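For reference, the structure discussed in these notes is given below.
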Amino acid sequence: MMLTSNVQLVAEVLRADGHPSGQVVRAIAATRSLETIVDDTLRALVEQARAAGHTWAEIGEVLHVSRQAAFQRFGGGARPTAEEEEIGIPVQNAVEHAVPVLEAFLDGRWDDVRATFDERMLEACSVELLADVRDRVRNQAGEVQALGTPAVSVRDGYTIVDIPVALERDEGTGRVVLNPDRQVAGFFIRPKEGVS
């Protein structure tokens with residue numbers, strides 16, 4: 001029912017020449033809701049395909065992505081298969097661990113940023129260094145406007161979470177690298193054009 005009503009609202013707004021701005025804003029919200037419904041449906045279908053014995057390579061082919069990209073988006077939860085072990089498994093809830101680190105950095109909550117740093121990062125990243133980097137990013141690209149959808153990858157046993165950052169005058173990326181214990185082993189934010 002929700003799917004049908006949201007699709008109808010969006011279709012009406014797209015077909016009409018002029019709608020009050022409130023109607024257009026409702027259509028944007030409805031479209032966002034549709035995205036969530038489609039994502040949930042796709043996730044359920046992938047789970048069914050895996051339960052039926054389809055490989056990540058087959059699922060990736062249908063989605064026009066690599067098997068690793070398909071696994072990174074939809075995998076996890078259950079005990080890893082040999083195929084999943086070969087791909088590399090991100091730490092569980094990587095996004096939920098990484099995004100708060102970036103948000104704390106952007107808000108200047110240095111103790112919160114450093115709370116999940118591993119020992120090496122604690123030694124390398126003082127509060128002064130973090131504050132300096134944040135100031136340089138702000139001076140070059142402006143204030144943060146929004147965070148995008150994080151992308152998770154695995155490299156050499158570390159989970160990498162790249163978080164798109166929309167800044168006033170540029171776009172950037174926040175990267176949080178997690179070790180197997182979910183401690184932050186690497187962190188940076190940079191505008192597309194510059195500061196690291």
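All of (1) in a helix (DSSP H, G or I); (2) at pLDDT 80 or above; (3) open to solvent by 40 Å² or more (accessible area, probe 1.4 Å) hold for A29 with one exception: (2). Checking E58, E12, E35 one by one, the residue that is outside any loop (DSSP other than H, G, I, E, B), closer than 30 Å to V154 by Cβ, at pLDDT 75 or above and acidic (D, E) is E58 and no other.
Answer yes or no as to whether G22 is at pLDDT below 70, over 27 Å from A70 (Cβ atoms) and not in a helix (DSSP H, G or I). The answer is no for G22.
Of the residues that make up segment 150-159, is at least one of a type in the set (S, T, Y) and open to solvent by 70 Å² or more (accessible area, probe 1.4 Å)? Yes. For E171, are the conditions met, namely being at pLDDT below 90 and open to solvent by 20 Å² or more (accessible area, probe 1.4 Å)? Here the answer is yes, as E171 does meet what is asked. One residue alone among R120, R114, R134, R109 is within 17 Å of G172 (Cα to Cα) and open to solvent by 30 Å² or more (accessible area, probe 1.4 Å), and that residue is R134. Scan segment 47-67 residue by residue and report those that are open to solvent by less than 60 Å² (accessible area, probe 1.4 Å) and among the hydroxyl-bearing types (S, T, Y). Passing the criteria: only T55. When residues in segment 90-99 are screened for being surrounded by fewer than 19 Cβ atoms within 10 Å (Cβ to Cβ) and not in a helix (DSSP H, G or I), 2 of them pass.
The values are calculated or read from the model by the stated rules, or taken from the named source; none is laboratory data. Please read these numbers as outputs of a predicted model, since none were measured by experiment. Neighbour counts are summed over all protein chains in view; Cβ atoms, including those assigned to glycine, are modelled from backbone coordinates with ideal geometry. We work out accessible area using only protein heavy atoms, side chains counted, and drop any ligands, DNA or RNA first. Shrake-Rupley method; radii C 1.70, N 1.55, O 1.52, S 1.80 Å.
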